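A short worksheet on the structure shown next.
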Amino acid sequence: MKINSLIFAVLALCNGAIAQSFENLDFEQSTIVSYGIADVPGWTEYNGWNDVNYSGGMTVIYNNNPLDDSGVSLVGTNYSTPAIQGIYSILLLGGTPFAENSTTGSAIGQTAQIPQNAQSITYWGLSENALTITFDGHLLSFNALNATANYTVFGADISAYAGQTGELLFTAPWQGEPGQSGFEEDGMVDNIQFSSSPIPEPNEFSLVGLGALLLRFRRWHSS
């Protein structure tokens, strides 16, 4: 009996030591609950207008925004600011000086383990990165890696935190402090990925672009 108890105790300890992986990083597991309301599993919302959390996820507004207040919204392909990958994206709004309910900005976060072999993290967003992104309270330095007509790919070095467990937090700051523009800061988040490859330096992309331009010129000149 004592041996069996010891075995069960060891198994329970091992199961508890298994770290949770990040989930729903492209938000495609979201479901529309009713008109204007959606459930987004895996994520926690902070300071979103009319948004709440449930065990295992968050319930947020769908295809809508709170105007001047901070907010977290799930948006689809048919919204005025449409999803940029797949069916759904998350829109974060920081709020303006005219906000009635919140002056803290909005955020979404998820606590899990960074993959052991992760060197970099990327996500798809709007053309300008207006978001503050942290892991376990540490600011991540994102750079634009590639731009298309509809979205920009941003990337950061995550190697220092590989294998660690903490909260990955995307924040749209409130724009009501003295000296700030007064315009609402917002950002789109989609297609978050961890990679075992390092992030190339931004100047490498500049060199690639210059090389492509020179090749195009050479072909035109020789034709």
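Quick note: the coordinates plus some simple rules give every number you see, no bench work behind them. Here the structure is a predicted model, which is why all the values come from computation and not from measurement. Note that we place each Cβ from the backbone using ideal geometry, even for glycine, and neighbour counts take in every protein chain shown.
In what order do PHE98, PHE22 fall by count of nearby beta-carbon atoms within 10 Å, going from fewest to most? Don't skip to the end; give the middle numbers.
Numbers: PHE98 11, PHE22 18.
Ranked by crowding around the Cβ, least crowded first: PHE98, PHE22.
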Pairwise FRET efficiency - SER80 versus VAL33, Cβ, R0 = 25 Å, nearest 0.05: 0.75
Residues whose built amide H sits under 5 Å from the amide H of ALA118, excluding neighbours closer than 5 in sequence, are GLY163
Applying the gyration tensor rule to the Cα atoms of the stretch 120-161 (axes a ≥ b ≥ c; rounded if a/c under 1.5, else prolate if a/b exceeds b/c, else oblate), the class is prolate
